[in-house]
Amino acid sequence: MTAVGIDLGTTYSAVAAVDSSGQPVLLAGADGDPVTPSVVCFDGETPIVGRAARVAAARSPHECVELVKRHIGEPSWRFETALGTAYTAEQISALILRKLARDAGAALGRPVREAVITVPAYFDDARRRATADAGRIAGLDVLRVLNEPTAAALAFGYASGRDETLLVYDLGGGTFDVTMVRVTGGVCEVLATDGDRNLGGFDFDNALMLHVAERIRAAGGPDPLDGDTAEAALRDHCEQAKRSLSALPEATVAIGSGGHVYTVDVTRPTFEELTAGLLRRTEEIVRDVLEAAGVRPGAVLLVGGSSRMPMVAAMAERVTGVRADRSVHPDQAVALGAAVQAAALSRSGPRATREPVAVLDVTSQSLGIAVRSASTGSEENSVVIPRNTPIPCQAGRRYRTLAENQREILVEVTEGDDTDLRYVTIVGSARIAIPPRPESVTIDVVMSYDEDGMIGVDVVESATGDPLGDFEIDRRANLDAREVDRMREALRTLT
Ligand code: AMP
């Protein structure tokens, strides 16, 4: 049995393992490709995953699921097959993970049971738990859910053997994040992280698609955005053109319709102009993270397929003042780093020769409570533990009760930065009894967050220091263990 590192990407996924010489290596999929499209299609009730699904998706998009990572952890999201079976995002992700593990097992010549699976750094706990559940549904023993930029930094630190503060810029197919990581003597410490889970290569494709569609219509052609099949074909051609433009100054998109072929030439400057707003959005996040970390990076690490666009390196170098490091392959860094971590955590299989001993993380989301503001009278979010606080952590804030003789307070725990409660998630709540006093009293709300995602809340009367109550919120499990078991069994019946 061997432990693998799995980069479960929005558009593509990759698997790596540490070989007998202690080096992390990428394992090709069954098709021989180094990466596997994260696409699932259903032929009746038979799932098809990977390259064949990607081809099928262009023909019959309704029977296929793409970009499921954007929905992981959303309790109400379902994909329904043509025969009416509904799948959760965890189950769809499990089908992808199972294919990856099976292919990896075939490449290694022994079954794969243990895995480290990576997630974007800014994923909230629900999404992390859902990813781990997907792994369990796929029959894997999930050793850890690791942040993608941390994994990339591990791969870099491992390859270079250097201590460095890195800015990891990760622009994938559907997600974006920036993380500052300090690698010192095998300890990987996250200093700050931020991202946008709805920004990726897909959006760059969209910008090009709109441009090409407009040019085809202007030339008297049909609307290539009219109908799912035409749109899927346009997406495919535009994605190819986008990739070509990373290497060449010009690319041509050719769309055939009704016996006529419409061609649109796109130059790199035109493409860069069309997508300037998207790149600017990533630049703003880079600047925020640099400010939050408060240190300059010694190197910039570009990760994710979309970081191959030349404008990305140019921008990252301009903003940070350091050159982008290309020693680790952008498509492979995350899986290779995850493999290094998997080998370190696994109870079986080869060990990495230079073992990273610890990964120190930060909170990717702010934690707080819902309060009524004394000045405005309206309900708002009050952050107790800010985002980017090193884990484990504990922090408290002081509040006043609203009324005289108040007997109870409702503590609603929030996850998110915004003051407006509509833009944060309530992750749990409890009613806490308080001793009635003739006046309103001050209380301290102390929150803690540990490595396993457990949120602790303690409420203390400030004047006396008396504990009034405490509760815990377990963010580990979205699905209960029985549900995971049931889904794993159901998956076994699908070939
Ligand atoms: P990932 O999720 O990291 O595998 O990234 C996949 C994304 O990278 C997709 O949107 C691809 O279109 C994009 N991509 C891959 N290669 C290139 C390239 N050479 N130039 C621009 N984008 C690319």
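The values are calculated or read from the model by the stated rules, or taken from the named source; none is laboratory data. What you see is a predicted model, and the numbers here were worked out from it, not measured in a lab. Note that we place each Cβ from the backbone using ideal geometry, even for glycine, and neighbour counts take in every protein chain shown. What goes into the accessible areas is simple: the full protein's heavy atoms, side chains included, and nothing from ligands, DNA or RNA. Shrake-Rupley method; radii C 1.70, N 1.55, O 1.52, S 1.80 Å.
Using a 1.4 Å probe on the protein chains only, how many percent of the accessible area of the stretch 201-274 belongs to carbon and sulfur?
Numbers: 1860 of 3810 Å².
Accessible surface attributable to carbon and sulfur in the stretch 201-274 totals 49 percent.
On the beta carbon distance between ASP450 and ARG217, with R0 = 51 Å, the FRET formula returns roughly 0.35.
Listed values for the stretch 27-40 are Karplus-derived 3J(HN,Hα) couplings in whole Hz (6.51 cos²θ - 1.76 cosθ + 1.60, θ = phi - 60°), namely 9, 5, x, 4, 7, x, 7, x, 10, 10, x, 7, 10, 10, and x replaces Gly and Pro.
Could you report the chain's accessible area per residue, 1.4 Å probe, as an integer in Å²? Working shown, then result.
Details: 21330 Å² over 495 residues.
Roughly 43 Å² per residue, with all protein chains present.
Lacking any other cysteine beta-carbon closer than 4.7 Å, the following Cys residues of the chain have no compatible partner: CYS188, CYS238, CYS393.
In whole angstrom, note down how far apart the Cα centers of the stretch 91-149 and the stretch 47-77 are. Spelled out, the Cα-based centre of one part sits 17 Å from the other. Across the protein chains, with a 1.4 Å probe defining accessible surface, the residues HIS71, HIS62, HIS211 rank HIS62, HIS71, HIS211 from largest area downward. Taking R0 as 60 Å, what's the FRET efficiency between ALA314 and GLN394 from their Cβ-Cβ distance, rounded to 0.05? Efficiency, rounded to the nearest 0.05: 0.90. Each helix, a run of at least 4 DSSP H residues, gives -39500 (n - 2.57); summed and divided by the residues of the chain, these come to -10000 deg cm²/dmol at 222 nm. Of the Cα atoms belonging to the chain, the radius of gyration and Dmax stand at 24.4, 85 Å. Across the options SER373, ILE426, PRO386, the greatest Cα extent toward the positive end of the charge dipole of the stretch 367-471 (unit charges at beta carbon of Lys, Arg, Asp, Glu) belongs to SER373.
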